[in-house]
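Data block below; observations after.
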Amino acid sequence: MRVHTYEKAFLIVGAALLVVFMIALTYTSVAMGIHLPGKVAMVDPAALATTPPFDQPGVRQTGDNTYEAVVVGQAWQFLPGEIRVPAGAEVTFILTSRDVIHGFHVERTRINIMMIPGQIGKTTYTFKTPGEYLIICHEYCGAGHHFMFGKVIVE
Ligand code: CUA
């Protein structure tokens, strides 16, 4: 079989790009420590009602301008459904699910994390601009999936 010169060139370029991407991926994850927001700990989804901090979902002030939002996802709502913080607040979201896998995406931000039963997810974001930010479930979770929403209100 004779491989055309151009085909050969494309194969070489393709293979070289793969190597470049693998190196970039390894460098950013290992050397720079950049990861997707994800699992930080485990929790028993059946015992959320008695397991802190999930026994009291809600927003708490933890410092001058830092807040912690503990959110439980369940079919088909977020608890609490409304998160209220002042502008400039740095909010750490601590999340889990009571039943099936849900998604947690806050519109117009980079907050995008899975709510997985049994796992605790964590991500931090600073809300600089006042306004209402829609929270949507972006993982199909059953008949009421498209009604599952909440909001962050930045005052
Ligand atoms: Cu919860 Cu889709």
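List of remarks:
- Here the Gaussian network model covers the chain, with springs between Cα atoms less than 10 Å apart; of Y67, Y125, Y27, Y27 fluctuates the most.
- The chain: most fluctuating residue of I12, I116, I94 per GNM, C-alpha cutoff 10 Å: I12
- Calculated diffusion of the chain, Stokes-Einstein form, Kirkwood radius summed over Cα pairs, 10 °C and 1.306 mPa s, µm²/s: 90 µm²/s
- For the chain, the antiparallel share of DSSP beta bridges with both residues in that region comes to about 70%.
- CD proxy at 222 nm, helix term only [per DSSP H run n ≥ 4: -39500 (n - 2.57); per residue of the chain; nearest 500]: -5000 deg cm²/dmol
- Summing +1 for each Lys or Arg and -1 for each Asp or Glu among the other residues whose beta-carbon sits under 15 angstrom from that of N65 gives -1.
- Long-range amide H partners of M115 with built H, under 5 Å: H102, G103, F104
- Cα centroid separation - region 118-153 against region 66-97, whole Å: 8 Å
- Hits among aspartates and glutamates - C-alpha to C-alpha of K151 under 18 Å, sequence gap 8 or more where chains match: E68, E82, E90, E107, E132, E139
- The Cβ shell under 13 Å around Y125 holds other residues with a net charge of +1, Lys and Arg each +1, Asp and Glu each -1.
- With the simple model of a label 7 Å out from the Cα in the direction of the Cβ, V13 to R110 spans 3.0 nm.
- Within the chain, the longest run free of trypsin sites (Lys or Arg not before Pro) that sit in a DSSP loop with at most 15 other Cβ atoms within 10 Å is 3-107.
- Between F149 and F78, the built amide H atoms are under 5 Å apart, and every one of these is 5 or more places off in sequence or on another chain.
- Of L48, L79, L18, the one that fluctuates the most in a GNM where the chain has Cα springs shorter than 10 Å: L18
Here, each number is a calculation from the coordinates, and none is a lab measurement. Fair warning: this is a prediction, and the values are worked out from it, not measured in the lab. A quick note on method: Cβ atoms are made from the backbone with ideal geometry, for glycine too, and the neighbour counts reach across all protein chains shown.
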